[in-house]
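Right, one structure below, let's go through it.
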Amino acid sequence: MEQDISSRQIAVYLHIPFCLTHCGYCTFFSVHYSKSSLELYLQYLHKEIDLFFQYHPDLAYAKSIYFGGGTPSLLRAEDIAELCAHFNFAEEAEITLEINPLQITKNYLSALKNTPVNRLSIGIQSMDNEELNLLDRKHKAEQIKDKIELCRQFGFNNISFDLIYGLPGSSLKKLKDNLIQFLYVKPEHISCYLLTLDSDTPLAAKIKKGKVPPLPADSLLAEEYELICSELNRAGYEQYEISNFCLPGKQSKHNLCYWKSMPYLGLGASASGFLPPYRYTNPSNLYDYYDHVEKGLIMPEAESCSSKQMIADFIMMGLRLTEGIDLNELKNHFNYDLEEDKGLQLEKLYSLGMIEKNGSYLSLSTKALFVSNTIIGELI
Ligand code: SF4
């Protein structure tokens, strides 16, 4: 699917890899924050953006900008405005800032109003202080209501919460209490992630030593997922992706680009990008990243995707959406007929009630969502 870069607006991801402390479950690329190291990083980030524009001036037209991390709310509002100033975007562009609850203050929100940020993604994770402690999160559950109230007072009306489920020692009761408290403040969007622990994380080590309860059994995880889906659905949230729920019209425009295999520009250390047919990931190490930028290199080790890979990505990412994938789009863009190529597998999955067809759209059934990886694996 060769796409003409000049004919589209692009989704832009900016990675800010600094954190005040390191959470014991985290596997994202992040380093300890200091004012001087963030300032140096910003110099390279600006240089990287300029380098991209030298080669592809049309990448300056953004439909969304997402500041992710790390902890991007360690940026000053002026830094955010300066980074956004590289891009042209329409009024309806979605500009998201991941924000740590501790950084939600009157002063910061008031300064953010002088930037294009119009969506806040808040890493709440849990409304249970014991669970927050387990995750090394420094905020307290009882602060959240006032913090959200403050965001509303400053006119932020597109707020997303992150919730982590499947925590050591979790139970359906604890999860339900969490959901009740999430729903009390009614964010426009909720992302629910299953805790996946790498064996070399401090939290995994604590579980191994018996200092923390073990992770829940698969059967409880499936029940937790079901509880999340049913409670959020009952509260009026649409499940539009395996892990994402929103009030009507409040899907994440930026993340939809990933799931719909649309191009996106990834900037900053460890950021990934997709400029068809190229996929690339920047070095997950500040000094390698600086070195590449210094040498004028963009998209290091970019891989040119074969059409087979692009088809697999389209199916794999698209089936995460509850609307599924458009089989006609697969035919038109890739000249690929999934029903012809995977007829037997599709028949089996239909008979097991794992997939559904609605017009030209093929999607996973509700009961297949929790085991999506296995089902999608059959089709790519
Ligand atoms: S704040 Fe986020 S990125 Fe930083 S260590 Fe914690 S989980 Fe990881």
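What to note about this one:
- Candidates ASN114, ASN107, ASN133 - the one that is surrounded by fewer than 18 Cβ atoms within 10 Å (Cβ to Cβ), at pLDDT below 95, over 19 Å from the mean Cα position of the chain (by Cα) and in the same structural domain as GLN9 (by TED's automatic domain parsing): ASN133
- Among the residues of the stretch 80-94, those that are closer than 24 Å to SER34 by Cα and either among the basic types (Lys, Arg) or within 22 Å of the chain's Cα centre (by Cα) (or both) comprise ILE80, ALA81, LEU83, CYS84.
- Single condition ARG279 does not satisfy, out of (1) of a type in the set (Lys, Arg); (2) buried (at least 19 other Cβ atoms within 10 Å of the Cβ); (3) more than 30 Å from TYR240 (Cα to Cα): (3)
- Residue match in the stretch 139-157 (condition: open to solvent by 20 Å² or more (accessible area, probe 1.4 Å) and closer than 27 Å to LYS211 by Cα): yes
- Of everything in the stretch 339-380 that is aromatic (Phe, Trp, Tyr) and free of Cβ contacts under 8 Å to residues at least 60 places away in the same chain, the residue that is nearest to ASP313 (Cα to Cα) is TYR361.
- Within the stretch 22-35, considering residues that are in contact with a Phe, Trp or Tyr (Cβ under 9 Å, 6 or more places away or on another chain) and closer than 23 Å to ALA205 by Cα, the one modelled with the lowest pLDDT: SER30
- Selected residue (only one of ALA60, ALA11 is among the aliphatic types (A, V, I, L, M) and at pLDDT 95 or above): ALA11
- Residue in the stretch 288-307 that is open to solvent by less than 40 Å² (accessible area, probe 1.4 Å), modelled with pLDDT of 95 or more and over 29 Å from VAL31 (Cβ atoms) present: yes
- Single residue of TYR240, TYR287 found to be in the same structural domain as TYR184 (by TED's automatic domain parsing) and of a type in the set (Ser, Thr, Tyr): TYR240
- All positions within the stretch 20-41 that are within 10 Å of the ligand (Cβ to nearest atom) and of a type in the set (A, V, I, L, M): LEU20, VAL31
- Filtered by the rule that a residue be under 18 Å from TYR13 (Cβ atoms) and within 12 Å of the ligand (Cβ to nearest atom), the stretch 101-121 gives a lone residue, SER121.
The values are calculated or read from the model by the stated rules, or taken from the named source; none is laboratory data. Only a predicted model underlies this, so the values are computations on that prediction, with no experimental measurement involved. Note that we place each Cβ from the backbone using ideal geometry, even for glycine, and neighbour counts take in every protein chain shown. Please note that ligands, DNA and RNA were not included when accessible areas were found on the heavy atoms of the full protein model with its side chains. Shrake-Rupley method; radii C 1.70, N 1.55, O 1.52, S 1.80 Å.
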